[in-house]
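First the structure, in the form of structure tokens, and then the observations on it.
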Amino acid sequence: METVWLTGAEWLAVLRIGLGLWWLESWRHKDKKGWFERGTGIAWAADVAGKHKWPAVKNGFRAVVEPRPKAMAYIVVCAELALGLGLIVGFLTPIALVGGLLLNLLYLILMIHDWAEQGQNAMMALISFVALVAMSWQTWSLDSAIGLF
């Protein structure tokens, strides 16, 4: 593939690293004290899920997330940090891309009626998919350096 300035594989690495920076920013701007001590993040999500028009979303949230709000807050916040760091340095990249794709799809489904959120989640899911099928970990990654995948 011919491109301007970088090779195709290098552009894919730029895309992967940019997605990692996006996840890291998502983690950075969260009020961790609010999420962990006051439960604000999960409470907000519970409010959104409670108003959702799809019964499966309401019931699924009530069954999986609401019984364990503190654990789910840690899972969400730590997942965003792990995804960001993993994608930036290219470590366990296919796992991070699949995890990020799934997390974005969950966010997309939860926020299906809030179009302000949909653009970000749809774009991040698309980038995850492209970076995954194009094997973006082949360049500028720890995976490549140590021979993983």
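The values are calculated or read from the model by the stated rules, or taken from the named source; none is laboratory data. In this text the structure is predicted, and so the values were computed from the model without any measurement. Please note: Cβ atoms are built from the backbone with ideal geometry, for glycine as well, and neighbour counts cover all protein chains shown. Side chains are part of the model used for accessible areas, which takes the heavy atoms of the whole protein and leaves out ligands, DNA and RNA. Shrake-Rupley method; radii C 1.70, N 1.55, O 1.52, S 1.80 Å.
List of remarks:
- Comparison of Val76, Val4 shows that the only residue that is more than 17 Å from Ile127 (Cβ to Cβ), assigned to a loop (DSSP other than H, G, I, E, B) and of a type in the set (A, V, I, L, M) is Val4.
- Within region 110-128, the set of residues being assigned to a helix (DSSP H, G or I) and either loosely packed, with under 15 Cβ neighbours inside 10 Å or polar (S, T, N, Q) (or both) comprises Trp115, Ala116, Gln118, Gly119, Gln120, Asn121, Ala122, Met123, Leu126, Ser128.
- Residue match in region 75-87 (condition: surrounded by 15 or more Cβ atoms within 10 Å (Cβ to Cβ), charged (D, E, K, R) and at pLDDT 95 or above): yes
- Figure legend. Inter-residue proximity from region 73-87: first residues within 14 Å of Leu142 (Cβ to Cβ), second residues surrounded by fewer than 18 Cβ atoms within 10 Å (Cβ to Cβ) and aliphatic (A, V, I, L, M), beta-carbon distance below 6 Å, spacing 6+ or different chains. No pairs are indicated.
- Selection count, region 28-55, where residues are among the hydrophobic types (A, V, I, L, M, F, W, C), open to solvent by 80 Å² or more (accessible area, probe 1.4 Å) and modelled with pLDDT of 95 or more: 0
- Enumeration of residues in region 21-72 that are assigned to a loop (DSSP other than H, G, I, E, B) and of a type in the set (Asp, Glu): Asp31, Glu66
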